[in-house]
């Protein structure tokens with residue numbers, strides 16, 4: 001034990017015990033509950049399990065299902081914008097493509113919905129990979145304009161190819177079938193979308209806590225420094241771009257089968273802006289911030305429906321007030337406040 005005794009007269013084991021006593025297990029448990037992996041995912045699952053008790057009719061289920069679909073998109077988009085620092089103004093294009101691939105394959109060619117969904121995700125992933133290689137060499141507003149162009153091209157193609165997509169009028173989508181039974185009704189779709197959302201959040205949290213996530217954070221901080229540290233920045237940018245596009249495509253397929261109708265508005269520029277705003281409002285680099293942003297911006301228009309003439313004005317004012325008061329977004333700011341309160345309570 002002599003070699004473990006320090007010149008100050010105590011061992012490193014005693015120092016470790018003193019540090020443990022000083023920090024306290026209560027505080028460590030509180031920090032774990034405030035973490036995304038510790039408490040965040042558990043809280044999300046709890047909310048999903050309890051929420052149906054408060055849903056009184058099909059309208060409520062429709063709103064909640066749309067919240068879940070939007071949340072799946074922005075959880076993936078948050079990996080790209082919040083963690084990798086790569087802006088995309090064209091993700092509604094991937095969302096619309098996922099919806100239309102499922103619609104066309106099932107309605108025009110009789111493909112089973114459970115086959116059309118992964119085929120759409122795979123096709124969008126291949127397209128995103130082909131786009132990402134040249135586009136992600138850009139940065140800043142150049143990258144934003146390039147991704148905007150991609151989204152606009154997808155929207156134009158969907159609108160113009162009426163023989164296949166129905167054009168501006170949209171097209172009917174057959175209901176999803178599971179084991180020969182058509183899936184109808186808000187309660188059933190609630191659990192389908194809830195399961196997909198939990199899977200998307202779990203996947204996002206695992207990516208963030210993996211070496212890929214650390215590489216993305218380094219890339220976001222300084223691409224030059226990340227390259228100097230040996231990070232293959234191009235590879236990781238392409239990887240997260242493709243992953244976020246595939247998640248958007250899956251959400252689009254779910255949206256198409258849920259509503260049993262698709263139109264080019266799903267791939268519109270305004271839809272892309274809405275997705276980005278959800279990420280920023282909830283808090284960039286926060287997975288559950290993205291979910292909360294989807295909740296707010298899907299729910300607020302429903303709440304403000306009685307103010308039809310001033311709905312957009314009120315919505316804009318609310319967003320401005322939130323961003324001024326909470327510039328880092330809702331979840332990061334509120335989490336920082338709670339952690340500060342916990343530190344003060346434990347001291």
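Okay, here's what the table says:
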item	result
Residue within region 225-234 that is under 23 Å from the mean Cα position of the chain (by Cα), touching a residue at least 60 places away in the same chain (Cβ under 8 Å) and surrounded by 14 or more Cβ atoms within 10 Å (Cβ to Cβ) present	yes
In region 52-62, residue farthest from residue 254 (Cα to Cα) [restricted to those that are surrounded by fewer than 16 Cβ atoms within 10 Å (Cβ to Cβ) and touching a residue at least 60 places away in the same chain (Cβ under 8 Å)]	52
Residue in region 239-253 that is surrounded by fewer than 19 Cβ atoms within 10 Å (Cβ to Cβ) and either within 19 Å of residue 105 (Cα to Cα) or in contact (Cβ under 8 Å) with a residue 40 or more places away in the chain (or both) present	no
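Listed here are the residues, each with its yes/no results for (1) in contact (Cβ under 8 Å) with a residue 60 or more places away in the chain; (2) in contact with a helix residue (DSSP H, G or I) (Cβ under 6 Å, 6 or more places away or on another chain).
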site: 116; (1), (2): yes, yes
site: 120; (1), (2): yes, yes
site: 124; (1), (2): yes, yes
site: 130; (1), (2): no, no
site: 138; (1), (2): no, yes
site: 143; (1), (2): no, no
site: 154; (1), (2): yes, yes
site: 158; (1), (2): yes, yes
site: 161; (1), (2): no, no
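No value in this document is a laboratory result; all are computed from the given coordinates. If you're wondering where the values come from, they're calculated on a predicted model, not measured in any experiment. All Cβ positions, glycine included, derive from the backbone under ideal geometry; neighbour counts span all protein chains shown.
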